[in-house]
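Beneath this line is the structure, given in C-alpha cells, with notes to follow.
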Amino acid sequence: MISALHEVYPALYGNEYDEKKMDERFSALIGKHREMFGKSDPAVFSAAGRTEIGGNHTDHNLGKVIGGSVNLDTIGAVSKRGDSRVIIASEGFPVVDVDISDLEVRDGEKNDTDSLVRGIAKAFLEKGLKTGGWEANTTTRVLGGSGLSSSAAIEVLIAEIFNSLYNDDVLSPIELAKAGKYAENVYFGKPSGLLDQACCAHGGIIGIDFRDSDNPAVTPVSVSFEDYGYTMIITDTRGSHADLTGEYASVPPEMRMVASFYGKSNLRDVDFHDFLRDMRAIREKVNNDRALLRAYHFFKENERVDFMLQALQEGDIDGFLAFVQESGNSSFRFLQNVYPASAPENQGLSLALALSEEILMGDGASRVHGGGFAGTIQAYVPEHLIEKYIKGMEGLFGEGCSMRIAIRQRPVSRIL
C-alpha cells in the first residue's frame, strides 16, 4: 500500500526527501487510523502549507499577490461513516466531533476547528453538493506560527475530503479555498481573505489578482528555484505574537483611510497618479503619515507583483530576486511591518534581515514573510551558502529555526 506513494512523493516534496522516513510517516498514520477507528484501508489525503512570495499586505485591499504551496504538509487517513458525524483526531490537539446534520453558526465554537467543519459542510450544501460523515486522524509538518498557514492547510484538507468522498472531486482547488474562507469568515469568526487557502489548495506557484474578490484571477507559474541554484529558506525568529493583534489590524484600515479620501472602500480602486498628486491634501485630511506610506507600499507592491510574475515566466531569476529584495525593503520602510511600533526593542526580524544581508552579500535575496512584526523571514540562498546561512541563523535564533522549503506541485488531493 505505502509503495504506491513512491510515485507521488516528488510532486509533494520536491527532490529532497527521505523515502524511508516518508514511508514510516505514512505507515504510522495508517496504523494510528487502524488503532483509533478499527479500519485498515483508509483513504489518504495531503494538503500543503504555503509561502507568500510577493504582495505583502495587499490582498485585503483587493491587490495582487504571488504565493506557492510548499513541501510541508498536513496528511490525514480517512474513512467514511454511515452517519452525519465528522471526527478528526489531529496529533497534539483535542478530538473534533461534529454532527453536521446541524449547520447553524454557534457562538461557542468561534475560533475552534468544530466551526470550520460545520462551515465547510454548509458551503458544500449551498452549492447543491453532498456531505456525509467521516472519521480521520491527521498529523502535520506545517508548524503553527511559522507563517506557513497551518490553519488554511487543515481547512482545504477538510474541504477536499468532502469533495473526494462525496462529490467525485467536482470542485476545483480555488472552489475548495473559497469553502475554507467562508467557514473561517462566517463560522470561525476571522475576517480573512482568500490568499492562504488559495495557495494551500492550488499547488505550485500562482499569481492571484483579487480585484474581483469573489472570483480572483489565478495565473499559474511553473518554476523550481533549485533549477537556478537557489533554495528558499524560511527562518523563524521565535518572536512572540502576543499583544500584536493591534499591529496587524492597523494595516488594512490605514490603507483604507487613503481610499476613503476618494470615496472608495479599497486602495485598488484608487489611481496611483491621483494619490501622488493629492498627497498633501490626503495628509491634511487623514492626519496619519504612516497611512500614506502604507498606501505607497500598496501601489508599488502591486506593480512589483506583475514584474515578479513576468520574471518568473521568462526564467529571469536575477530580475526576480531583485524584485524580492525591493519588496522586502518596501515592507521595512513604507509598510513598516518588520517590527512592532509598540515594542521597538523587539526586532528579531530586523536582526534576521541584517544577518541575511551580511551572509548573502548580494547573492540571493531576503524579505519579511507574511504578516510580519514577529515571526519569519524568507530568503533565497545560493547552494554554496546554505550551510553558512543556516549556521548563522541558528547561532542567533536557536537550533532548527531555519527550514529549507521547496515548492510543491500537487494540489490538495487524495493521494492513496
Item to check | Options 268, 277, 283; residue that is in the same structural domain as residue 372 (by TED's automatic domain parsing) and either within 30 Å of residue 364 (Cα to Cα) or in contact (Cβ under 8 Å) with a residue 40 or more places away in the chain (or both) | outcome: 268
Next on the checklist: Scan the range 214-225 and tell me whether some residue there is surrounded by 15 or more Cβ atoms within 10 Å (Cβ to Cβ), more than 20 Å from residue 54 (Cα to Cα), in contact with a helix residue (DSSP H, G or I) (Cβ under 8 Å, 6 or more places away or on another chain) and without any contact (Cβ under 8 Å) to a residue 60 or more places away in the chain.
Outcome noted: no
Item to check | Test result for residue 81, under 26 Å from the mean Cα position of the chain (by Cα) and among the charged types (D, E, K, R) | outcome: no
Item to check | Residue that is in contact (Cβ under 8 Å) with a residue 40 or more places away in the chain, in the same structural domain as residue 17 (by TED's automatic domain parsing), surrounded by fewer than 24 Cβ atoms within 10 Å (Cβ to Cβ) and out of contact with any helix residue (DSSP H, G or I) (no Cβ under 8 Å at 6 or more places or on another chain), where the choices are 133, 128 | outcome: 133
Next on the checklist: Filter the range 18-70 down to the residues that are touching a helix residue (DSSP H, G or I) at 6+ places or on another chain (Cβ under 6 Å), closer than 30 Å to residue 165 by Cβ and in a loop (DSSP other than H, G, I, E, B) and list them by number.
Outcome noted: 40, 42
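Looking only at the range 370-382, decide whether some residue is surrounded by fewer than 22 Cβ atoms within 10 Å (Cβ to Cβ), without any contact (Cβ under 8 Å) to a residue 40 or more places away in the chain, under 24 Å from residue 224 (Cα atoms) and assigned by TED's automatic domain parsing to the domain that holds residue 333.
To start, the set of residues in the range 370-382 that are surrounded by fewer than 22 Cβ atoms within 10 Å (Cβ to Cβ) comprises 371, 382.
Pick out the ones that are also without any contact (Cβ under 8 Å) to a residue 40 or more places away in the chain and you get none.
Within the range 370-382 (the criterion being surrounded by fewer than 22 Cβ atoms within 10 Å (Cβ to Cβ), without any contact (Cβ under 8 Å) to a residue 40 or more places away in the chain, under 24 Å from residue 224 (Cα atoms) and assigned by TED's automatic domain parsing to the domain that holds residue 333), the answer is no, since none of the residues qualifies.
In the set 357, 345, 303, 326, which member is surrounded by fewer than 22 Cβ atoms within 10 Å (Cβ to Cβ) and within 20 Å of residue 385 (Cα to Cα)? Talk me through it step by step, then tell me what you get.
Working: 345 fails: within 20 Å of residue 385 (Cα to Cα); 303 fails: within 20 Å of residue 385 (Cα to Cα); 326 fails: within 20 Å of residue 385 (Cα to Cα).
Exactly one residue qualifies, and that residue is 357.
Determine if the range 166-183 includes at least one residue that is outside the structural domain of residue 233 (by TED's automatic domain parsing) and at positive phi.
Filtering the range 166-183 for residues outside the structural domain of residue 233 (by TED's automatic domain parsing) gives 166-183.
Narrowing further to those that are at positive phi: 168-169.
Yes.
Every residue in the range 8-48 that is basic (Lys, Arg) and within 27 Å of the chain's Cα centre (by Cα), please.
Selection gives 21, 25.
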Item to check | Whichever residue in the range 54-76 is among the β-branched types (Val, Ile, Thr) and out of contact with any Phe, Trp or Tyr (no Cβ under 9 Å at 6 or more places or on another chain) and, among such residues, is nearest to residue 256 (Cα to Cα) | outcome: 66
Item to check | Pairs with Cβ under 7 Å, 6+ apart, first in the range 397-409 and of a type in the set (Ser, Thr, Tyr), second surrounded by 19 or more Cβ atoms within 10 Å (Cβ to Cβ) | outcome: 402/233; 402/235; 402/390; 402/393
Item to check | Number of the exception - residue 270 against (1) surrounded by 21 or more Cβ atoms within 10 Å (Cβ to Cβ); (2) among the aliphatic types (A, V, I, L, M); (3) within 23 Å of residue 52 (Cα to Cα) | outcome: (3)
Checklist entry - Within the range 341-350, is even one residue hydrophobic (A, V, I, L, M, F, W, C) and touching a Gly at 6+ places or on another chain (Cβ under 6 Å)? => result no
Next on the checklist: Being in contact with a Ser or Thr (Cβ under 7 Å, 6 or more places away or on another chain), modelled with pLDDT of 95 or more and over 30 Å from residue 402 (Cβ atoms) is the requirement here; does residue 259 meet it?
Outcome noted: yes
Checklist outcome for this item: The lone condition residue 128 fails out of (1) farther than 24 Å from residue 173 by Cβ; (2) assigned to a loop (DSSP other than H, G, I, E, B) is (1)
Checklist entry - Restricting attention to the range 5-17, which residues are surrounded by fewer than 17 Cβ atoms within 10 Å (Cβ to Cβ), without any contact (Cβ under 8 Å) to a residue 24 or more places away in the chain and touching a helix residue (DSSP H, G or I) at 6+ places or on another chain (Cβ under 7 Å)? => result 6
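Among the residues in the range 389-403, are any over 23 Å from the mean Cα position of the chain (by Cα), crowded, with 19+ Cβ neighbours inside 10 Å, more than 20 Å from residue 69 (Cα to Cα) and aromatic (Phe, Trp, Tyr)?
Keep residues of the range 389-403 that are over 23 Å from the mean Cα position of the chain (by Cα), which gives 389, 391-392, 394-396, 398-399.
Next, from what is left, pick out any that are crowded, with 19+ Cβ neighbours inside 10 Å: 389.
Cutting the leftovers down to more than 20 Å from residue 69 (Cα to Cα) gives us 389.
Now drop any that are not aromatic (Phe, Trp, Tyr), which leaves 389.
Yes: the range 389-403 contains one or more residues that are over 23 Å from the mean Cα position of the chain (by Cα), crowded, with 19+ Cβ neighbours inside 10 Å, more than 20 Å from residue 69 (Cα to Cα) and aromatic (Phe, Trp, Tyr).
The values are calculated or read from the model by the stated rules, or taken from the named source; none is laboratory data. Quantities reported herein were computed from a predicted structural model and do not represent experimental measurements. Here the Cβ is made from the backbone with ideal geometry for all residues, glycine too, and neighbour counts use every protein chain on show.
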